[in-house]
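Chemist: Quick one: the structure is below, questions incoming.
The values are calculated or read from the model by the stated rules, or taken from the named source; none is laboratory data. Owing to the predicted nature of the structure, the values given are computational and were not obtained by experimental measurement. Note: ideal-geometry Cβ built from the backbone for every residue, glycine included; neighbour counts use all protein chains shown.
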Amino acid sequence: MFAVVIVGVSVITFFLSTVVPGDPVRLALGQFATHEQVEEYRRELGLDQPVYKQYAHYAGRLLQGDLGVSIHTGFPVKSDISKFFAATFELTTISMIVALLIGLPLGVLSAVYRDSLLDHAARIISLSGVSMPVFWLGLLLQLIFAVWLGVAPIGGRVSSQVSAAHPLKSITGLFLIDSILTGNWPFLLDFLKHLALPAATLAYSSLVIITRMTRANMLEVLRQDYVRTADVYGLPRHKVIGKYALKNALISTVTIVGLAYGMALSGTFLVETIFSWPGLGRYAASSIINSDYPAVMGTTLLVALIYTVLNLLVDLVYTILDPRISYR
Amino acid sequence: MAGAIIVIVLAILALIGPILVPTREQSFSLSDRLKAPSADHLLGTDDMGRDILSRVILGAGISMRVGITVVVASVLIGVIVGAISGYYGGWLDEVLMRIVDIFLAVPSLVLAMAIAGALEPSIENAMLAISLVWWPWYARIVRAQTLSIKREEFVAAAQSLGVPVPVIIWRHIIPNCVAPVIVQASLDFGYTVLTAASLGFLGLGAQPPKPEWGLMISQGRSYFPTSWWVATVPGLAIFLTVMGFNLLGDGLRDVLDPKLKE
């Protein structure tokens, strides 16, 4: 099943990168290429062959991990992507964790204390969060905190002065972990300052979805008979919620995590552009502007892969948590 | 629900937008460039001296057009695919649902970006890209509905009377799918506007000098942060529009499907 999906996505990206765009040969060679040069390059790229043969080559290269060469930088897409992957992974994962840490309790409390001030506030925040364009929120945060209040830097992952004065030894490629492991506190501090705004922006959009769905799930669970029974038996409220309701509501939350991570992945393209975060998102966005199809398709494929694997994990965790469901 | 009333007003305002002819639409005067909001220009002027309020109102027309087109297109494709898939079942169902899974394997914005990126940047191609990304959701909803409606007695009755299958689907199954589709569609209207704005922001949707909100934000970034209103005002417009449709969608859901109400 998983394989079918990945193959399907690769067909789509293949279609989009070779069949759809105008003429990649002319694009690469420029306006003044002669007819012979164009034909020669076309043969070199294998573009004169029938479509299914081209796909076979494409798939073969994919399986070997070859994602093509970037039209813009001239480097293999794979090395470009691996350069930027760590930064994006770090941003999205930290944002997700923050979103979960805030969103889950908020959703639960919102459901438990239904129609209270907290509940209404949470619902308003959720509604506005869902309606807000993520790049607009990023701009606003930049304006308020970086420009007007001056408490955070405008962009980048770490400032060059700090990076030069306290160079970071790279162990995992993730600045947060590496700086803690090597005790490079100035670096860590500077990194956290840079991380604050983009992570807040990205976390916000995931957070509101998590809150909304957790609230809905919790309300559903609280309506159940066994909760009412526990209440009637005189079990203290916090025990009813903590021991029974919560666990069952959280099972559905696992699915939400998958969805929210998908939103974070989409949002990262825009957030990274706004905050000049050196990650895949910014790389993809600039590749799109440069009509660098191999780069765009490589990134899309990678994102699809990550998302699919994540959903697979979510399904598996679901089957572990809920013994009634067995994996097909 | 008070929210619904506010929303309907908002929705009507959004609809009147394109008909409303604003002052000084595309006229620009370079001596007026980058003026802060004032009595003359309620929302300021942009880098070409164009009145931002007028451009934002015109942008509403573009967003409405995009929203309606995309939602109608996705619903049409999704409903047909979902109904056929659910009704016939078997290998057709398997194949169609695998295709749906493939499309849903990539987060919507990412896939829309990839599709729009491969085509010539234009509003029409952006609409095409978003429609291609959105129809799978409707297919799934309709398929689920079809599967349960299929078992109803009136369907069996129609079948035994020899009613041709397309007619059964058209006259019996699809009308019963309408409620969840409408709820989803009204919510999706907002998300469509959001996605179109995101594509515009990346340069993949409307092209200058069209006053598309996402494009305006992206162009406004060059004058950020000194002339901050150029980039932030269109965003406010997007925010209010999407919020309006989300409230509308929530309200519709309360009305049409009380089971889903908390």
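Chemist: Considering only the stretch B:188-228, state which residues are at the interface with chain A (Cβ under 8 Å from one of its Cβ atoms), closer than 21 Å to B:Ala36 by Cα and among the aliphatic types (A, V, I, L, M).
Modeler: B:Ile217
Chemist: A follow-up question, please. Consider the stretch B:143-170. How many of its residues are without any contact (Cβ under 8 Å) to a residue 12 or more places away in the chain and assigned to a helix (DSSP H, G or I)?
Modeler: Residues that pass the stated criteria total 9.
Chemist: Could you check the stretch A:198-216 and list, in sequence order, the residues that are of a type in the set (A, V, I, L, M, F, W, C) and within 16 Å of the chain's Cα centre (by Cα)?
Modeler: A:Ala199, A:Ala200, A:Leu202, A:Ala203, A:Leu207, A:Val208, A:Ile209, A:Ile210, listed by residue number.
Chemist: Could I ask something else about it? Just checking, how many residues over the stretch A:212-228 are crowded, with 22+ Cβ neighbours inside 10 Å and away from chain B (no Cβ under 14 Å)?
Modeler: Qualifying residue count for the region: 0.
Chemist: Yes or no: A:Leu139 modelled with pLDDT under 80 and surrounded by 15 or more Cβ atoms within 10 Å (Cβ to Cβ)?
Modeler: No.
Chemist: Could you list, in sequence order, the residues of the stretch B:80-105 that are surrounded by fewer than 18 Cβ atoms within 10 Å (Cβ to Cβ) and either outside any helix (DSSP H, G or I) or of a type in the set (Gly, Ala, Ser) (or both)?
Modeler: Of everything in the stretch B:80-105, those that are surrounded by fewer than 18 Cβ atoms within 10 Å (Cβ to Cβ) and either outside any helix (DSSP H, G or I) or of a type in the set (Gly, Ala, Ser) (or both) turn out to be B:Gly89, B:Gly90.
Chemist: If you take the residues of the stretch B:106-126 that are surrounded by fewer than 22 Cβ atoms within 10 Å (Cβ to Cβ) and not in a helix (DSSP H, G or I), which of them is nearest to the chain's Cα centre (by Cα)?
Modeler: Result: B:Ser122.
Chemist: Among A:Leu104, A:Leu109, which is more than 14 Å from chain B (Cβ to nearest Cβ), without any contact (Cβ under 8 Å) to a residue 60 or more places away in the chain, surrounded by fewer than 23 Cβ atoms within 10 Å (Cβ to Cβ) and of a type outside the set (Lys, Arg)?
Modeler: Only one candidate qualifies: A:Leu109.
Chemist: Are there any pairs with C-beta distances below 6 angstrom linking a residue in the stretch A:216-227 that is closer than 18 Å to A:Arg123 by Cβ to a residue that is crowded, with 17+ Cβ neighbours inside 10 Å and modelled with pLDDT of 80 or more, with the two at least 6 apart or on different chains, and if so which?
Modeler: A:Met218/A:Val108; A:Met218/A:Ala111; A:Leu219/A:Ala111
Chemist: Name every residue in the stretch B:229-252 that is more than 13 Å from the chain's Cα centre (by Cα) and within 9 Å of chain A (Cβ to nearest Cβ), in order of residue number.
Modeler: B:Ala231, B:Thr232, B:Pro234, B:Gly235, B:Leu236, B:Phe239, B:Leu240, B:Leu247, B:Asp250
Chemist: Answer yes if at least one residue in the stretch B:127-138 is modelled with pLDDT of 80 or more, over 25 Å from B:Leu252 (Cβ atoms) and surrounded by fewer than 19 Cβ atoms within 10 Å (Cβ to Cβ), and no otherwise.
Modeler: Checked the stretch B:127-138: at least one residue is modelled with pLDDT of 80 or more, over 25 Å from B:Leu252 (Cβ atoms) and surrounded by fewer than 19 Cβ atoms within 10 Å (Cβ to Cβ).
Chemist: Since A:Pro278 meets every condition but one in (1) more than 13 Å from the chain's Cα centre (by Cα); (2) crowded, with 24+ Cβ neighbours inside 10 Å, which condition does it not meet?
Modeler: A:Pro278 satisfies every listed condition except (2).
Chemist: Continuing with this model, one more query. Determine if the stretch A:251-270 includes at least one residue that is surrounded by 24 or more Cβ atoms within 10 Å (Cβ to Cβ), within 14 Å of another protein chain (Cβ to nearest Cβ), part of a loop (DSSP other than H, G, I, E, B) and of a type in the set (Phe, Trp, Tyr).
Modeler: No.
Chemist: Is there a residue in the stretch A:22-35 that is closer than 18 Å to A:Met297 by Cβ, at pLDDT below 70, loosely packed, with under 12 Cβ neighbours inside 10 Å and within 14 Å of another protein chain (Cβ to nearest Cβ)?
Modeler: Yes, that holds for at least one residue.
Chemist: Please list, ordered by residue number, the helices (runs of 4 or more DSSP H) wholly in the stretch A:112-165 having 2 or more residues that are more than 8 Å from chain B (Cβ to nearest Cβ) and within 30 Å of B:Leu109 (Cβ to Cβ).
Modeler: A:117-131, A:134-141
Chemist: Would you check which residues across the stretch A:283-304 are under 26 Å from A:Phe175 (Cβ atoms), surrounded by fewer than 23 Cβ atoms within 10 Å (Cβ to Cβ) and either under 13 Å from the mean Cα position of the chain (by Cα) or more than 10 Å from chain B (Cβ to nearest Cβ) (or both) and list them?
Modeler: A:Leu302
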